[in-house]
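What follows is a single structure, written as structure tokens, with notes after it.
Just so you know, all these numbers are worked out from the coordinates, no wet-lab data involved. Given the structure is predicted, the values throughout are model-derived calculations rather than measurements. Don't worry about glycine lacking a Cβ; one is built from the backbone with ideal geometry, like all the others, and counts go over all protein chains shown.
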Amino acid sequence: MLDDVYSFKLNALAALAEPNRLLIVELLRKGPRPVGEIASKLHLNQPQVSKHLRVLSDAGVVEVRPIAQQRVYNLRPQAFRELDDWLESYRRLWDDRHDRLNDYLRKAEEEKKHGRAN
């Protein structure tokens, strides 16, 4: 059974994997927007955008607040911090492997040079 942390990551990544939802997130990076403005900027109809926003909201990626007669959506920074923290462990893993590969190649090159000099 997945714990809540991994379940969140799985849901967030699945939500972001859909191209239109990723475009919505990119648009929301510039600031909060109402559904109608998102639909207009992305040339999508409002029901499509509402459906995508619901998926993003359910995944914890965006939050909504009513302002007058509109529903305004905004990114949840905490969601992206959690994803970034998780990805950081993989960056460290690959950096470590890259460093070890560089050390190995440097050592092999030195041995090759010394082998030719003898």
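Of the labelled options (1) 0.99; (2) 1.07; (3) 1.31, which one gives Rg/Rh (Cα atoms, Kirkwood Rh) as computed for this structure? It is the value labelled (3). Judged by the gyration tensor of its Cα atoms, with axes a ≥ b ≥ c, the stretch 42-84 is oblate; a/c meets the 1.5 cut and b/c is at least as large as a/b. Can you compute the FRET efficiency between His43 and Ala17 using 1/(1 + (r/R0)^6), with r the Cβ-Cβ distance and R0 = 22 Å? Round to the nearest 0.05. Efficiency for this residue pair is about 0.60.
Each residue of the stretch 70-75 was assigned a 3J(HN,Hα) from its phi angle through the Karplus expression (A = 6.51, B = -1.76, C = 1.60, θ = phi - 60°), giving 10, 10, 9, 9, 9, 6 Hz with x at Gly and Pro. The stretch between Leu101 and Gln78, if pulled fully straight at 0.36 nm per residue, gains 4.8 nm over its current Cα-Cα span. For the chain, the longest principal axis of the Cα atoms and the long axis of helix 77-117 meet at an angle of about 20 degrees. With a simple spin-label model that places each label point 7 Å from the Cα along the Cα-to-Cβ direction, the separation between Tyr90 and Arg65 comes to 3.2 nm. Within the same chain, lysines fewer than 8 places from Lys41 are excluded, and of the rest, those with a Cα less than 18 Å from its Cα are Lys30, Lys51. Three principal axis extents of the stretch 77-118 based on alpha-carbon atoms, in descending order, are 60, 10, 5 Å.
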